[in-house]
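Reviewing the structure listed below.
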Amino acid sequence: MLQARLDKASEDVVRKIIHVDCDCFYAAIEMRDDPSLANRPLAVGGSAERRGVIATCNYEARAYGVRSAMSSRHALKLCPDLLIVKPRFEVYRSVSREIHAIFRQFTDLIEPLSLDEAYLDVSDSPHFAGSATRIAQEIRRRVAQELHITVSAGVAPNKFLAKIASDWRKPNGLFVITPDQVDDFVAELPVNKLHGVGKVTADKLTRLGIRTCLDLRDWNKLALVREFGSFGERLWRLAHGIDEREVKVDSRRQSLSVEHTYDQDLPDLEACLEKLPALLEEMNGRLQRLDSSYRPDKPFVKVKFHDFTQTTLEQAGASRDLDSYRLLLSNAFARGDKPVRLLGVGVRLHDLRGRQEQLELFA
Ligand SMILES: [Mg+2]
């Protein structure tokens with residue numbers, strides 16, 4: 001035990017990780033955009049006639065046992081009243097981008113796991129005096145207020161615990177595991193909650209009489225390696241609350257933008273419109289230097305008002321000329337209609353390398 005503690009002290013890297021996970025993301029967006037879909041069992045997915053599967057369902061549907069990745073036909077058997085709507089991936093992607101824009105106010109170290117889930121490393125964030133808990137609270141508050149969907153968050157010193165924590169108070173919850181709570185929390189954790197433990201490993205652990213991480217701690221590294229190969233060492237580390245995986249930033253760009261904070265607030269729309277040509281010129285220069293694996297897509301503008309409220313507006317199908325940006329800027333300005341401290345112009349980028357998304361399963 002003493003050796004274990006020494007190992008832990010020397011090897012553990014203490015980080016502040018937040019795992020953010022939207023609650024039934026696609027279904028939440030459908031209910032938000034059409035309130036008549038709320039308060040009834042709802043799923044997003046493919047039709048039963050065409051052998052579709054459920055992508056996401058709301059909590060009313062879950063009460064009937066409906067789950068993601070289940071065939072729609074089976075879901076309808078469990079819940080004959082289930083309404084299955086077709087996915088609108090373009091909308092989900094755009095909401096996801098808006099959520100990431102909120103994340104980026106707190107850190108650039110963001111690792112997306114899917115459209116609705118991401119790890120954030122806020123170890124060096126200057127916000128809220130470095131309190132990851134308060135950052136997570138603020139992210140949850142802002143997503144709810146600005147996007148009208150709820151997210152759950154977990155805060156912990158590493159990725160595997162942050163992910164478990166975000167699930168702990170779901171939906172619409174926050175759970176925090178501080179560094180000095182890690183030991184007790186992990187001890188009680190069932191081993192099948194550990195990152196990388198699938199059905200086969202879980203069955204084998206059960207056969208060995210190992211149910212919780214506390215049971216697992218009775219085993220030394222060597223014995224676990226003998227039973228589980230190289231994963232044995234990982235198991236040992238997880239059972240002691242150690243996970244050194246870094247938050248890996250997705251280096252592929254999703255947009256290109258230029259923004260400027262003005263020394264003196266721009267008092268009205270006209271003053272804002274005057275700044276557009278210079279911003280666009282700079283943006284177009286940067287677009288030309290972009291490598292050919294990206295295709296410019298929708299134009300957008302960002303407006304931050306003098307009171308730090310801000311809004312972003314984009315337009316699918318619009319061209320990237322001055323007139324389009326003038327129109328976008330006029331509409332964005334009208335949302336606040338007050339002096340402006342920062343203007344941004346940009347374009348969403350279409351990644352021609354086509355990151356494989358889990359979504360394609362359902363598309
Ligand atoms: Mg989710």
Which numbered condition LYS77 fails, given (1) outside the structural domain of SER166 (by TED's automatic domain parsing); (2) open to solvent by less than 60 Å² (accessible area, probe 1.4 Å); (3) more than 16 Å from the ligand (Cβ to nearest atom): (2)
Candidate set from the stretch 44-64 (those that are surrounded by fewer than 16 Cβ atoms within 10 Å (Cβ to Cβ) and modelled with pLDDT under 95); member that is farthest from the ligand (Cβ to nearest atom): GLU49
Residues of the stretch 181-191 classified as surrounded by fewer than 18 Cβ atoms within 10 Å (Cβ to Cβ) and farther than 16 Å from GLY154 by Cα, total: 5
Residue satisfying condition, being under 11 Å from LYS16 (Cβ atoms) and at pLDDT 95 or above, within set ALA144, ALA118, ALA136: ALA136
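Say we look at the stretch 17-43 and pick out the residues that are away from the ligand (no atom under 16 Å from the Cβ) and assigned to a helix (DSSP H, G or I); which of these is farthest from PHE160 (Cα to Cα)? Outline the logic, then answer.
Quick first cut of the stretch 17-43, residues away from the ligand (no atom under 16 Å from the Cβ) only: 17, 33-41.
With the extra rule that they be assigned to a helix (DSSP H, G or I), the set shrinks to 33, 35-37.
Values: ASP33: 33, PRO35: 35, SER36: 38, LEU37: 34 Å.
Taking the candidates together, the pick is SER36.
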Index of the failed condition, THR107 passing every other in (1) more than 11 Å from the chain's Cα centre (by Cα); (2) of a type outside the set (A, V, I, L, M, F, W, C); (3) within 16 Å of the ligand (Cβ to nearest atom): (3)
The stretch 97-118, residues that are open to solvent by 10 Å² or more (accessible area, probe 1.4 Å) and within 26 Å of ALA55 (Cα to Cα): ARG97, GLU98, HIS100, ALA101, ILE110, GLU111, PRO112, LEU113, SER114, LEU115, ASP116, GLU117
Pair list, Cβ under 8 Å, 6 or more apart: the stretch 53-66 residue more than 19 Å from ASN39 (Cβ to Cβ) and touching a residue at least 60 places away in the same chain (Cβ under 8 Å), other residue open to solvent by 70 Å² or more (accessible area, probe 1.4 Å) and assigned to a loop (DSSP other than H, G, I, E, B): VAL53/ALA69
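Pull up the stretch 153-182, narrow it to residues that are among the small types (Gly, Ala, Ser) and touching a residue at least 24 places away in the same chain (Cβ under 8 Å), then point me to the one that is farthest from THR56 (Cα to Cα).
Taking the stretch 153-182 first, the residues among the small types (Gly, Ala, Ser) are 153-154, 156, 162, 165-166, 173.
Then drop every residue that is not touching a residue at least 24 places away in the same chain (Cβ under 8 Å), which leaves 153-154, 156, 162, 165-166.
Working: ALA153: 19, GLY154: 21, ALA156: 26, ALA162: 22, ALA165: 21, SER166: 18 Å.
Per the criteria, the residue is ALA156.
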Members of the stretch 234-288 found to be open to solvent by 50 Å² or more (accessible area, probe 1.4 Å), assigned to a strand (DSSP E or B) and closer than 19 Å to PHE300 by Cα, listed by number: GLU259, HIS260, THR261
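The values are calculated or read from the model by the stated rules, or taken from the named source; none is laboratory data. Just so you know, these numbers come straight off a predicted model, no measurement behind them. All Cβ positions, even for glycine, are placed from backbone atoms using ideal geometry, and neighbour counts span all protein chains on display. Ligands, DNA and RNA are stripped out before the accessible areas are found, and what is left, the full protein with its side chains, is counted by its heavy atoms. Shrake-Rupley method; radii C 1.70, N 1.55, O 1.52, S 1.80 Å.
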